Amino acid sequence: MARKKLIAGNWKMNGLLADGVELAKGVAAEVKAMGKPECEFLVCPPFTLLTSVKKALRGAKVALGAQDAHFNTKGAHTGDISPEMLKDVGCQYVILGHSERRADHGESSELVNKKAVAAHQAGLKTVICIGETLAERDSGKTIDVCSKQIMGSVPDDSTAADTVIAYEPVWAIGTGKTPTANDVEEVHAAVRKVLAKKLGKGNANKMRILYGGSVKPGNAKEFLSLPDVDGALIGGASLKVADFMAIAKNSGC
Ligand code: 13P
């Protein structure tokens, strides 16, 4: 089953206007220079940069995504942004349920599910994040935790066309530590089984499951050549054009 790899940058809370535009222009130029890359590209800047980054990406095959959305379309939700607003400024994707939001904002899988339903209704594709803490890994609960997060966070009517899963072990994010390739494949294969149970085999076989957590040019090939790894969700290394593009190139894009 051929799944087109997705190379996605999560810029997190980084970048003022000038930095964001420069980074986006750099990525756009490199992706254009690749001609017809084998992979799809996505960048997810902070809300404040979406419009400028959209302009900077003009003409390049790089999708735009946000890092969160509310589950309502509009109303009295100070500080929140709705899926419609994201769509309106040119987003195709939104990351939901990142472990930093689960930790910093107490987001539950139930809430992530509601957000995903709303995002899909607005015509956005979702990148739904899951992953275990170090304590959970050490106590042998990784598969159980990830399975529960999938069952809870992914809407029942999700399809491979509107949903991407990102497996990001919490302890591997921004730490330079990573699971072994075997560990990653084990989780991805287990996640695909859970997706099959939840969404049917057809969707599960077509749905992309990204790995995230200290992905760098030097380890990208090892992870992205695994059978059930369909791309990467990249934090720190997505803030440098050269690193982001080296990850893509080393992954066979
Ligand atoms: P790092 O690549 O900085 O470890 O971050 C991963 C991540 O959280 C992407 O969403």
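The values are calculated or read from the model by the stated rules, or taken from the named source; none is laboratory data. On a predicted model such as this, the values are computed, not experimentally measured, just so you know. Cβ: placed from backbone, ideal geometry, glycine included. Neighbour counts: every protein chain shown. With ligands, DNA and RNA removed, areas are computed over all heavy atoms of the protein, side chains included. Shrake-Rupley method; radii C 1.70, N 1.55, O 1.52, S 1.80 Å.
Restricting attention to segment 35-69, which trypsin sites (Lys or Arg not before Pro) occupy a DSSP loop and are surrounded by at most 12 other Cβ atoms within 10 Å?
Details: sites: Lys54, Lys55, Arg58, Lys61; in loops: Arg58, Lys61.
When the trypsin sites (Lys or Arg not before Pro) of segment 35-69 are filtered for loop state and at most 12 Cβ neighbours within 10 Å, Arg58 remain.
So how much slack lies between Ser139 and Thr159, counting 0.36 nm per residue of separation and subtracting their Cα-Cα distance, in nm?
Working: separation 20, 0.36 × 20 = 7.20 nm, distance 3.22 nm.
Separation in residues times 0.36 nm, less the Cα-Cα distance, equals 4.0 nm.
Divide by every residue of the chain the summed helix terms, -39500 (n - 2.57) for each DSSP H run of at least 4, and state the resulting mean residue ellipticity at 222 nm, rounded to the nearest 500 deg cm²/dmol. Don't skip to the end; give the middle numbers.
Working: 11 runs with 106 residues, N = 253.
My calculation for the chain gives -12000 deg cm²/dmol from helical runs alone.
Whole-Hz ³J(HN,Hα) for each residue in segment 107-123, computed from phi via Karplus 6.51 cos²θ - 1.76 cosθ + 1.60 with θ = phi - 60°, x for glycine and proline: what do you get?
Result, rounded to whole Hz: 6, 8, 4, 4, 5, 4, 4, 4, 5, 5, 4, 5, 5, 5, 4, 7, x.
If contacts are Cα pairs under 8 angstrom and at least 6 residues apart, what is the relative contact order of segment 174-253 in percent? Write down the numbers at each step before the final one.
Working: 98 pairs, mean separation 25.0, N = 80.
About 31 percent, as a whole number.
Could you give me the radius of gyration and the Dmax of segment 148-253, taking only the C-alpha atoms into account and expressing both in angstrom?
13.8, 39
Could you list, in their original order, any pairs among Lys5/Lys148; Lys54/Lys240; Lys115/Lys177; Lys32/Lys115 whose Cα atoms are separated by more than 23 Å? Please list the in-between numbers first.
Numbers: Lys5/Lys148 25 Å; Lys54/Lys240 18 Å; Lys115/Lys177 30 Å; Lys32/Lys115 33 Å.
From the list (Lys5/Lys148; Lys54/Lys240; Lys115/Lys177; Lys32/Lys115), the Cα-Cα distance tops 23 Å for Lys5/Lys148; Lys115/Lys177; Lys32/Lys115.
Size of the dipole of segment 1-115 about the Cα centre, Lys and Arg at +1 and Asp and Glu at -1 on the beta carbon, nothing else charged, in debye to 20? Write down the numbers at each step before the final one.
Numbers: 17 positive and 13 negative charges, 103 e Å.
Here segment 1-115 has a charge dipole of around 500 debye.
Highest mean first, how do 64-76, 136-148 rank when packing is the count of other Cβ atoms within 10 Å averaged over residues? Kindly include the intermediate steps, with their values, before the conclusion.
Working: 64-76: 17.8, 136-148: 15.8.
The packing order, highest mean first, is 64-76, 136-148.
Solvent-accessible area per residue for segment 134-211 at a 1.4 Å probe radius, Å²?
Numbers: 3440 Å² over 78 residues.
Spelled out: the 1.4 Å probe surface of segment 134-211, per residue, equals 44 Å².
Each residue of segment 228-235 in order: what ³J(HN,Hα) in whole Hz does its phi give by Karplus 6.51 cos²θ - 1.76 cosθ + 1.60, θ = phi - 60°, with x for Gly and Pro?
With coefficients 6.51, -1.76 and 1.60, one gets 9, 9, 10, x, 9, 10, 10, x Hz.
In percent, how large is the relative contact order of the chain, given Cα pairs closer than 8 Å and 6 or more residues apart?
Numbers: 512 pairs, mean separation 51.0, N = 253.
Reported relative contact order: 20 percent.
Sort 119-127, 193-201, 94-102, 14-22 for me by packing, meaning the mean count of neighbouring Cβ atoms within 10 Å per residue, highest on top.
Numbers: 119-127: 21.7, 193-201: 16.7, 94-102: 24.1, 14-22: 14.8.
So the peptides 119-127, 193-201, 94-102, 14-22, ranked by packing, come out 94-102, 119-127, 193-201, 14-22.
With the Cα gyration tensor of segment 59-118 giving a ≥ b ≥ c as the square roots of its eigenvalues, does the rule (a/c under 1.5 for rounded; else a/b larger than b/c for prolate; else oblate) give rounded, prolate or oblate?
oblate
For segment 122-227, what relative contact order do you get, as a whole percent, if you take Cα pairs closer than 8 Å and at least 6 residues apart?
Numbers: 143 pairs, mean separation 34.7, N = 106.
Reported as a whole number, the value is 33 percent.
Within the chain, what whole-number % of the accessible surface is contributed by carbon and sulfur, with the 1.4 Å probe and all protein chains included in the calculation? Don't jump to the answer; show the numbers that get you there.
Numbers: 5970 of 11310 Å².
Roughly 53 percent of what the probe reaches on the chain is carbon or sulfur.
For segment 1-77, report the accessible area per residue in Å² (1.4 Å probe, heavy atoms, rounded to an integer). It would help to have the intermediate numbers written out before the result.
Working: 4040 Å² over 77 residues.
Heavy-atom SASA per residue in segment 1-77 reads 52 Å².
In whole Hz and in residue order, list the ³J(HN,Hα) couplings for segment 128-141 that follow from phi through the Karplus curve 6.51 cos²θ - 1.76 cosθ + 1.60, θ = phi - 60°; x for Gly and Pro.
9, 9, 9, x, 9, 7, 5, 4, 5, 5, 4, 9, x, 9
Taking amide H positions as placed 1.01 Å from N in the peptide plane, with prolines and chain starts having none, which residues 5 or more places from Ala66, or on another chain, fall under 5 Å of its amide H?
Amide H to amide H, under 5 Å and 5 or more residues apart or across chains, Ala66 pairs with Tyr93, Val94, Ile95.
Can you give me the convex hull volume of the Cα atoms of the chain, divided per residue and expressed in Å³? If you can, show how the numbers build up before the last one.
Values: hull volume 28.5 nm³, N = 253.
Looking at the chain, the number lands at 113 Å³ per residue.
Enumerate the amide H contacts of Gly231 below 5 Å, restricted to partners 5 or more residues apart or on another chain; note that Pro and chain-start residues carry no placed amide H.
Correct list: Leu6, Tyr211.
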